[in-house]
Structure formats: C-alpha cells, structure tokens
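One structure is given below, encoded as structure tokens.
The values are calculated or read from the model by the stated rules, or taken from the named source; none is laboratory data. Predicted model, so just to flag it, every value in this text is computed and none were measured. Note: ideal-geometry Cβ built from the backbone for every residue, glycine included; neighbour counts use all protein chains shown. Remember, those area values only see protein heavy atoms, side chains included, never the ligands or the DNA or RNA. Shrake-Rupley method; radii C 1.70, N 1.55, O 1.52, S 1.80 Å.
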Amino acid sequence: MIVGVKEIPFVFDCRGESLVGILHQPRDVARIGVLIVVGGPQYRVGSHRQFLLLARALSAQGFPVLRFDYRAMGDAEGDGVDFADVDTDIAAAIDQFYKRMPEMQGVVIWGLCDAASAAIFYAYKDSRVKRLVLLNPWVRTESGEAKAYLKHYYLARLCSGAFWKKLFSGQWKVWESARSFLGMLKKSKISNSSLSSRDEVLNSDAPLPERMAEGLRRFNGEVLFVLSGKNDYVACEFRDMVAVSADWQALLSRDGVQLKTLPEANHTFSSAQWRDQVGLWTLTWLDDLSTK
C-alpha cells in the first residue's frame, strides 16, 4: 500500500458477467487515468506482480489507475474471450473508472502482448482514450512466427559453440531438427492476403498486422511502444513485421508515436531493473501528457 493512495476492490457488470477491478485512487488526482488491460493468460496482478507494482508506482505520483480481469480471466466470470473481442469489457471498465473518478479528463490504456493488440482495436472507437502504452504487441501470423524463429532462433544456434559441439558428439537429433527447420521454412513462405478496402480489412479475416495497422491508423492519440530484446520472439516478430511493412513504418513515424527498446529484457520485463525502467518511461510520458 502507498500512503495517500486507496486501493479499492469492486465488482462490475459486463453483459451479465461479473468482472473484478482494483482502483488505485490517489488523494490528489491527476487529470489522466491509466487503465491496465491484461494480456492472456494473465490476470490483474500481472507476471511478477508487474501490473500491481506499476499501478502503485503511478498512483503514488497522482495518477489514478484501474486494473481489472476481463471475462474468464482471474476472478472474472464468463467463458473465454479472444483478445480481439474484449471491446465490451474495456468499455465497461472505462465506464466504471469514470463513475468512480468523474474528474478525469481522459484515459491511457496500458497493455502488454495481446492486450496491446486489444487496445489498438478498441482505442479509436472511444474518445475518452487519449493515449496508448503498448508493450511487445502481439502480431502473430503463421508466416511471421516462422520467419522470427528462422531468423532469431536457428541463426543463433548456428553461431553457438554448444550447437556444433553437440552436433559432432552425435547428441544432436538431425532428422527431427531438420523436419522442424523445413516446416518453419514452409510456413515462412505463406503470403498474407491483402484487401483493398480499409473497412474490409478491419471487419475480415485479414492478417492480424493488417487489421491492427488499420485500427492504429484511426486512432488520433499519441502512442508509446516498448519492445523487449532479441530473446523475445513476440518482439522479434513485431520488429520483423515492421521492417517489411510500409504501412507500419508510416504509422511508427507519425508525430506523437515513440518507440523504446530494452535490449536485454524478456517478454514480461521480469527483473526489477527492466520493470522499473518501463514504469519510469510510462510515468515520464504521463507527466508530459498531464501538462498539455
């Protein structure tokens, strides 16, 4: 607990199901609140207590924070919901956030992995959302995953002394590894479909990166991306996707979009050093917003 900050648990409704939220309510409240959306399979505390500790750090500086379990996560009721279909859950959480903090003038959505992707799909539909903080966005496609493994896993193995030692000692399973490699190579050649209409892209089975790009294009607020390093294949896949996508390169070069990287960090920023750095970047970015 933080002195001067109340942590208030409550239950709220989402389509007849009960969701659980924790509001971090500072005594002196900033104009902007932070909604932490969980990535699956996680709940409101987060890996290594990251969401809890981040909420306490931000609320200690005056920013109200709401973290919650969407349907089927943590202590929430309901059946499993795909991250691309949690708009109703996020909207219900923001409604509750404003109900309890009516003086707020905007919300920042903070999400890791597929929660970052869910935030992109939601943000442009709700004018209350002013900014996004997106960590290691999930852009998984079959071909994208295969390319990431080919580039970052197999290449790293070829450069590893342990690999060659294992190979020459006869411990390496040649045929099993070869089948795996060829399978990845085949998947990496799968071409992504492309639809001409942007509305068609958002409302279709177009590849996830294309749908996310269209969602982000429609969002007028500022965005902070935070990526882990080479040991996180989700972040690698995002970087590889951007490298070959003119649409994404244009989106990341827009005014108000920042990209920061922690080269040594893993996917969930599991060390105190990485977690604190993410918290500091978030806080600095919020301070900038609160003065505008």
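Note on region 6-70: the C-alpha convex hull projects to 4.5 nm² when averaged across all orientations.
In a simple Cβ point-charge model (Lys, Arg +1; Asp, Glu -1; nothing else charged), region 1-150 has a dipole of about 720 debye relative to its Cα centre.
Extension gain for the segment residue 287 to residue 105, taken as residue separation times 0.36 nm less the Cα-Cα distance, is 64.1 nm to one decimal.
Sequentially through region 93-100, phi angles give Karplus couplings (6.51, -1.76, 1.60; θ = phi - 60°) of 5, 5, 4, 5, 4, 5, 4, 8 Hz, Gly and Pro residues having no value and appearing as x.
What the Cβ-Cβ distance of residue 249 and residue 49 gives, at R0 = 30 Å and to the nearest 0.05, is a FRET efficiency of 0.25. Size of region 1-114: Rg and Dmax of its alpha carbons, in Å, are 13.1, 38. If the chain linking residue 230 and residue 88 were pulled fully straight, counting 0.36 nm for each residue of separation and taking away their Cα-Cα distance, it would gain 47.7 nm. The phi-based Karplus calculation (6.51 cos²θ - 1.76 cosθ + 1.60; θ = phi - 60°) puts the 3J(HN,Hα) values of region 24-30 at 9, 10, x, 5, 9, 9, 6 Hz, whole numbers, x for Gly and Pro. For region 1-155, the solvent-accessible area of protein heavy atoms averages 39 Å² per residue (probe radius 1.4 Å; ligands and nucleic acids excluded). Each label was represented as a point 7 Å from its Cα along the Cα-to-Cβ direction; for residue 260 and residue 28 these points are 2.3 nm apart. With all protein chains in place and ligands, DNA and RNA left out, the 1.4 Å accessible area ranks 126, 87 as 87, 126, largest first. Evaluated with a Cβ-only charge set (Lys, Arg +1; Asp, Glu -1), region 218-279 carries a dipole of roughly 40 debye about its Cα centre, given to the nearest 20.
With a 10 Å radius around each residue's Cβ, average the other Cβ atoms per peptide and rank 56-65, 251-260, highest first.
Descending mean neighbour count gives 56-65, 251-260.
Extension gain, residue 272-residue 126: 0.36 nm per intervening residue step, less the Cα-Cα distance, totals 49.2 nm. Taking every protein chain into account, the accessible area of region 219-292 amounts to 49 square angstrom per residue (probe 1.4 Å). Figure legend: label point modelled 7 angstrom from the Cα of residue 8 along Cα→Cβ; residues of region 15-55 with amide N under 12 Å from it are 22-27. Just the protein heavy atoms count here, and of the accessible area of region 1-144 at 1.4 Å, carbon and sulfur take up 47 percent.
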